[in-house]
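Take a look at the structure set out below.
The values are calculated or read from the model by the stated rules, or taken from the named source; none is laboratory data. Computed from a predicted model, the values in this text were never measured in an experiment. Reconstructed Cβ throughout: ideal geometry from the backbone, glycine too, with neighbour counts over all protein chains shown.
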Amino acid sequence: MEIRDSITKFVNTLKCFILVYHLRKMPDVWTKMKSVAFWAKRKWKLVIRDEQRNEHIANYQAQPDARKQRIEDDKQAFCDEYAEREPSDNAPTELYEKEGKDLEFWIVHGSWTYCKNCKQLISQKLFPRFARRPIIKAAEKRTCKENRYKAPKYKDVPKELRHLTYKQMVALRPLDIHTGDYIRQRSGYRQKGGMFRLSWSQNSLLQKINALPEEEREQCQKAYDWLIVQERSSY
């Protein structure tokens, strides 16, 4: 009896250790709160100046109710359009509804990540494990240096070249860009009017700078002086 009791105690103790081990090894689950915290770390700024960017953001934030109602109306219109294509007697099963919710969660919170170095977006492949909601992490492979152009940050642009207008940038180009005539079809699509090509400008850079309005000339001249003295510059 004593041997049997000892074996029973040993087996129960072993089961407890195994249970604790498996509890520690349980995979962490991706949640909405973790997704919000993850994307909050992706801080980036646009290089191209957008004069109406702040206005667009303000309008977007000022109309949450109207935007939410528009999304609901679009969903309802979609459901009404495709409701008749699914037989009414074939009601969705519990498993079907769970897979649908897991897929919706993956589309919203798990289908994208970003490069830890340059913050570029990287799409995620859809694998069967999406239903387990695995943790999303920033990419560590530095793909921006290997496979694609690294998006510059606003602070990487020299101060002398910031806030230039389109006319000022054209004046600083030694080449003229030709993309053909601007033709718009009835359907709304733009028609290609010619091949892309480059040609040397007929006027020198100083002549084009002097032809600018007086309020734009000084800033453009400073950018020109900075570019001339730079021996190595990507600009």
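Of 115, 79, all but one fail to be surrounded by 10 or more Cβ atoms within 10 Å (Cβ to Cβ), at negative phi and either among the hydrophobic types (A, V, I, L, M, F, W, C) or modelled with pLDDT of 80 or more (or both); the exception is 115. Can you work out which of the residues in region 31-51 that are at pLDDT 60 or above and exposed (fewer than 10 other Cβ atoms within 10 Å of the Cβ) is farthest from residue 114 (Cα to Cα)? Among residues in region 31-51 that are at pLDDT 60 or above and exposed (fewer than 10 other Cβ atoms within 10 Å of the Cβ), the one farthest from residue 114 (Cα to Cα) is 33. Test residue 155 against the stated conditions and say whether it is at pLDDT below 75, charged (D, E, K, R) and either within 28 Å of residue 230 (Cβ to Cβ) or not assigned by TED's automatic domain parsing to the domain that holds residue 37 (or both). In short, no. Residues of region 173-200 that are at pLDDT 85 or above and assigned to a strand (DSSP E or B): 175, 176, 177, 178, 197, 198, 199, 200. Surrounded by 13 or more Cβ atoms within 10 Å (Cβ to Cβ) and either at pLDDT 85 or above or not in a loop (DSSP other than H, G, I, E, B) (or both), is that true of residue 136? Against the criterion (surrounded by 13 or more Cβ atoms within 10 Å (Cβ to Cβ) and either at pLDDT 85 or above or not in a loop (DSSP other than H, G, I, E, B) (or both)), residue 136 qualifies. Taking the criterion of being outside any helix (DSSP H, G or I), small (Gly, Ala, Ser) and surrounded by 12 or more Cβ atoms within 10 Å (Cβ to Cβ), would at least one residue in region 212-224 satisfy it? No, region 212-224 has no match at all.
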